[in-house]
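One structure is given below, encoded as structure tokens.
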Amino acid sequence: MAHASLWQRCLTPRATIPKTLTWSAGIGVWLVVIALWALVTYSGLVRSIFLPTPTAVLSAAVSMIGDGSLWKDIWSSAQVVLYGFLLSSAIAIPLGILMGSFRLAQAFLDPLVNFMRYLPVTAFVPLFILWIGIGIEQRVTVIFFGIFFQQLVMIADISRGVSQDLINASYTLGAKRRDVVTHVLFPACLPGVIDMMRVTMGWAWTFVVVAELVAANSGLGYISLKAMRGFQVDVIFLSIGLIGLLGLVTDQFFRLLRKRLTSWAL
Amino acid sequence: MGALNDGEITRGGVRIPALNAGPRTCLDIRQIGLTFSSGQKSVTALEDISLQVAENEFAVIVGPSGCGKSSLLYLTAGLLEPTSGEIRVNDKRIDGPGADRGMVFQAYTLFPWLNVRDNVEYGLKRRRLPAAQRQEIVEYYLREVGLERFADAWPRQLSGGMMQRVAIARALANDPDILLMDEPFGALDSQTRLSMQQLLLNVWGHNSKTVLFVTHDIDEAILLADRIYVMSGRPGVISRTLEVHLPRPRTSEIVMEKHFLDIKREILGILHHDDT
């Protein structure tokens, strides 16, 4: 296939294409989406009360940046996501590795975890409000409960997948049981753990919006709800767009982290 | 206790190695039995196995797949527990795995998150040797297996043969009392296999070391061994012990020699007899 034309390469399954083309295609999809959006709104095909024009969303952004409220709302949501995510990961990662590696830990935790992880966290929101109130703690708790049990199960699976041969090799080189945990299980799990964090970070953003729709006085979910009451579709679009953008940024961060920390794995 | 080993005398009930009385026994496997049981069913994998490997001897266990030869190696490494009998290394009863018994596995077991140098250094770090000494040992063994230029490579960048060379260097760097090798070249192509056998013979020639090597390849067994234990399976027993008196250093040329062919014929006879 070495001499195939560019066009042929594009039509061949799994054939590689030049980097510049990859980049242009990635930008191109956005140009298409924005162009279609502009077409249906500026032409009046869809009424602005349902779908705002690009300029309306931009001017909403400009005015909200101007009065400083946008940063406050972004930070409010991001803070909740960050706290909930870090708290959950900090407990789930070591506990999940133990759960996947020690039979007793698994026997003890499995029945509880497999019950808890099928309960939708949204069902707990009224309870959390009763217990914790409507402060940031409540929203952090929603995120924690939304992702913790899922993270635990995923990490337990990852650590269960670590090759027994590596553990045996480690023992024959003089490793003690503690060394096997710190010098085999932890590093062997690292790529899987970072991939798991990438996935669950997305879920954390889902749950923060749910939490803010119910009880909050700032945040991107909260301004969406407020905008709905005032028929400000442009603000709702702005909020959704920003969540997507923040998701993209965190996703890239985890991709970079994966590349940096586990270049040995690829 | 079992029978007295060659080259040992007792004095007041204490076993003392005798002076000028031949090589010391390094590995002493005594009447080992291994039974796997799950529920009502139980399978006897090994039955009443006894064998000795003398210090600096190259011993090979050859047998068909499923005869329990790898299990015997795992028992010696302490990665499996015997149902009966005991295993002694330098007259110390083994109880679990330890750095005194290094092992090279059939599967590739380099730690993928450590580069070649750090893989070889792994055991030395666990034993908390000083950094300067560690570096010296690592460099020596990387040179021994001809991989000094690949010290910074990741395992995924190496070929199968190179990975097993690192695994050999890693096991030897720890200076174990005995090196256990579980079909280490089983997954390699025949060309690489030949050069790995030669490399192992060279390394073993420079560094006196007791080796217990498991294989199903009869040529490999005769080329490497001072002594061959022929095993047959279900349950695994040792059918015959053969001594190989081919001169060293050996090369793959010896496959044409009469003594080589005599031994090969004898082993084939034993294994064939078991089949029928």
Selection count, the stretch A:186-207, where residues are under 26 Å from B:L110 (Cα atoms) and either in contact with a Ser or Thr (Cβ under 6 Å, 6 or more places away or on another chain) or not assigned by TED's automatic domain parsing to the domain that holds A:S89 (or both): 3
For a quick check of your reading of the model, give me the residue pairs whose first member lies in the stretch A:144-169 and is assigned by TED's automatic domain parsing to the domain that holds A:V80, whose second is surrounded by fewer than 22 Cβ atoms within 10 Å (Cβ to Cβ) and not in a helix (DSSP H, G or I), with beta-carbon atoms closer than 7 Å and at least 6 apart or on different chains. A:F149/A:R117; A:Q150/A:R117; A:V153/A:R117; A:D165/B:A107; A:L166/B:F111; A:N168/B:L79
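Just to check your reading of the model, which residue among B:L34, B:L75 is touching a Pro at 6+ places or on another chain (Cβ under 6 Å), crowded, with 21+ Cβ neighbours inside 10 Å and modelled with pLDDT under 95?
Checking each option against the conditions leaves just B:L34.
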Give just the number: which of (1) at pLDDT 95 or above; (2) surrounded by fewer than 21 Cβ atoms within 10 Å (Cβ to Cβ) does A:L127 not satisfy? (1)
The lone condition A:L246 fails out of (1) out of contact with any helix residue (DSSP H, G or I) (no Cβ under 7 Å at 6 or more places or on another chain); (2) surrounded by fewer than 19 Cβ atoms within 10 Å (Cβ to Cβ) is (1)
What residue, of A:T172, A:T182, A:T141, is exposed (fewer than 14 other Cβ atoms within 10 Å of the Cβ) and free of Cβ contacts under 8 Å to residues at least 60 places away in the same chain? A:T182
Would you point out the residue of the stretch B:146-162, among those that are more than 14 Å from chain A (Cβ to nearest Cβ) and not in a helix (DSSP H, G or I), that is surrounded by the most Cβ atoms within 10 Å (Cβ to Cβ)? B:L147
When the stretch B:195-219 is checked residue by residue, the ones that are of a type in the set (D, E) and part of a helix (DSSP H, G or I) are B:D219
Could you pull out the residue among A:R103, A:R47 that is farther than 30 Å from A:M154 by Cα and exposed (fewer than 12 other Cβ atoms within 10 Å of the Cβ)? A:R47
Exception for B:R234 within (1) on the phi > 0 side of the Ramachandran plot; (2) in contact with a Pro (Cβ under 7 Å, 6 or more places away or on another chain) falls at (2)
Based on what the data block shows, is A:G247 more than 26 Å from A:I65 (Cβ to Cβ) and free of Cβ contacts under 8 Å to residues at least 60 places away in the same chain? no
When the stretch B:163-197 is examined, which residues are found to be of a type in the set (D, E) and surrounded by 20 or more Cβ atoms within 10 Å (Cβ to Cβ)? B:D182, B:E183
Of the listed residues (A:S224, A:S163), the one being hydroxyl-bearing (S, T, Y) and more than 14 Å from chain B (Cβ to nearest Cβ) is A:S224
Scan the stretch B:244-274 for residues that are under 23 Å from B:S195 (Cα atoms) and touching a residue at least 40 places away in the same chain (Cβ under 8 Å) and jot them down. B:R248, B:P249, B:R250, B:T251, B:S252, B:I263, B:K264
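Please determine whether any residue of the stretch B:185-194 is closer than 19 Å to B:L142 by Cβ, more than 12 Å from chain A (Cβ to nearest Cβ) and in a helix (DSSP H, G or I).
Yes, because at least one residue in the stretch B:185-194 is closer than 19 Å to B:L142 by Cβ, more than 12 Å from chain A (Cβ to nearest Cβ) and in a helix (DSSP H, G or I).
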Candidates B:D217, B:D262, B:D189, B:D182 - the one that is acidic (D, E) and touching a helix residue (DSSP H, G or I) at 6+ places or on another chain (Cβ under 6 Å): B:D182
Which pairs do you get when a residue that is under 14 Å from B:G146 (Cα atoms), found in the stretch B:196-208, comes within reach of a residue that is surrounded by fewer than 21 Cβ atoms within 10 Å (Cβ to Cβ), reach meaning Cβ atoms under 6 angstrom, with the pair 6+ apart or on two chains? B:M196/B:G161; B:V203/B:E144
Show me the helices (runs of 4 or more DSSP H) entirely contained within the stretch A:4-122 in which 3 or more residues are under 24 Å from the mean Cα position of the chain (by Cα). A:19-42, A:69-101, A:103-116
All positions within the stretch A:54-78 that are under 15 Å from A:V208 (Cα atoms), touching a helix residue (DSSP H, G or I) at 6+ places or on another chain (Cβ under 7 Å) and not acidic (D, E): A:I74, A:S77, A:A78
Tell me yes or no: at least one residue of the stretch A:190-200 is under 23 Å from the mean Cα position of the chain (by Cα), within 14 Å of chain B (Cβ to nearest Cβ) and surrounded by 22 or more Cβ atoms within 10 Å (Cβ to Cβ). yes
Select from the stretch B:198-215 the residues that are of a type outside the set (A, V, I, L, M) and surrounded by 19 or more Cβ atoms within 10 Å (Cβ to Cβ) and write down the one among them that is farthest from B:A169 (Cα to Cα). B:T215
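The values are calculated or read from the model by the stated rules, or taken from the named source; none is laboratory data. Just so we're clear, the structure is a prediction, and the values are computed from it rather than from any experiment. Using ideal geometry, Cβ is built from the backbone for each residue, glycine included, and neighbour counts are taken over all protein chains shown.
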